[in-house]
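The values are calculated or read from the model by the stated rules, or taken from the named source; none is laboratory data. These numbers come from a predicted model, not from an experiment. FYI the Cβ positions are ideal-geometry reconstructions off the backbone, even for glycines, and counts take in every protein chain you see.
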Amino acid sequence: MIGGIILAAGSSRRFGDDKRKQSLDGARTVLEQTILNASEALDAVIVTLRADDQPFARALQERLDVPNGRWFCAPDSALGMAHSLAGAIGEVYEWEAAMVILGDMPFVKPRTLAALERTYRRHQSDRPIIMPAHKGKAGHPVLFDHTYFDEIAALSGDVGARSVVSAHKTSVMTVEVDDLGIFRDIDTPSDLA
């Protein structure tokens with residue numbers, strides 16, 4: 001199984017409010033759209049939220065029809081993104097590979113996620129790390145073979161899995177996509193425009 005870990009446990013300090021709950025189009029919020037895109041393209045999705053986000057998790061579950069999704073309130077979320085990711089990876093050790101998806105990137109197209117998954121299937125024996133790219137520039141999300149789960153589970157701090165990618169550059173593959181959403185995250189209110 002190939003699943004997606006959606007990282008949505010940050011504090012939104014730069015945004016000034018909870019950006020996860022900001023409306024994109026009057027119908028869906030930033031995080032809801034990210035979840036729907038991932039659940040459309042992948043076998044399973046785990047949404048990683050803040051330690052105290054149980055009410056928010058219940059609200060998302062009620063609003064979204066995501067039968068392949070589940071919710072994980074990371075107990076160490078206040079310590080940084082890497083702690084949340086490490087906790088989430090511990091919940092999915094049965095997966096063949098995990099795609100790490102940033103919760104504030106709702107513009108990544110489901111077809112891009114599907115392209116990463118197809119590429120992984122073709123090259124699975126190489127134990128790759130796969131990233132989308134547009135005109136040669138790599139973006140998000142990043143797919144990790146199960147081989148790297150132990151390293152991800154040992155992460156700490158607030159930098160995500162960048163160190164794992166750097167340590168295994170020869171295993172990194174890029175997939176050229178026509179999707180500028182791989183670069184577009186929501187950091188400030190002007191990013192919603």
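Summary of values
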{"quantity": "From LEU64, LEU60, LEU36, residue being closer than 20 Å to GLY87 by Cβ and touching a residue at least 24 places away in the same chain (Cβ under 8 Å)", "calculated": "LEU60"}
{"quantity": "Test result for GLY160, surrounded by 15 or more Cβ atoms within 10 Å (Cβ to Cβ), in contact (Cβ under 8 Å) with a residue 40 or more places away in the chain, under 15 Å from the mean Cα position of the chain (by Cα) and on the phi > 0 side of the Ramachandran plot", "calculated": "yes"}
{"quantity": "Counted residues, the range 172-193 - those being polar (S, T, N, Q) and either farther than 24 Å from ARG111 by Cβ or touching a Leu at 6+ places or on another chain (Cβ under 6 Å) (or both)", "calculated": "2"}
{"quantity": "Strands (runs of 3 or more DSSP E) (entirely within the range 1-111) containing at least 3 residues that are under 26 Å from PHE183 (Cβ atoms), modelled with pLDDT of 90 or more and under 15 Å from the mean Cα position of the chain (by Cα)", "calculated": "2-7, 44-49, 97-102"}
{"quantity": "Lone qualifier among PRO75, PRO110, PRO67 - being in contact with a His (Cβ under 9 Å, 6 or more places away or on another chain), surrounded by fewer than 18 Cβ atoms within 10 Å (Cβ to Cβ) and not charged (D, E, K, R)", "calculated": "PRO75"}
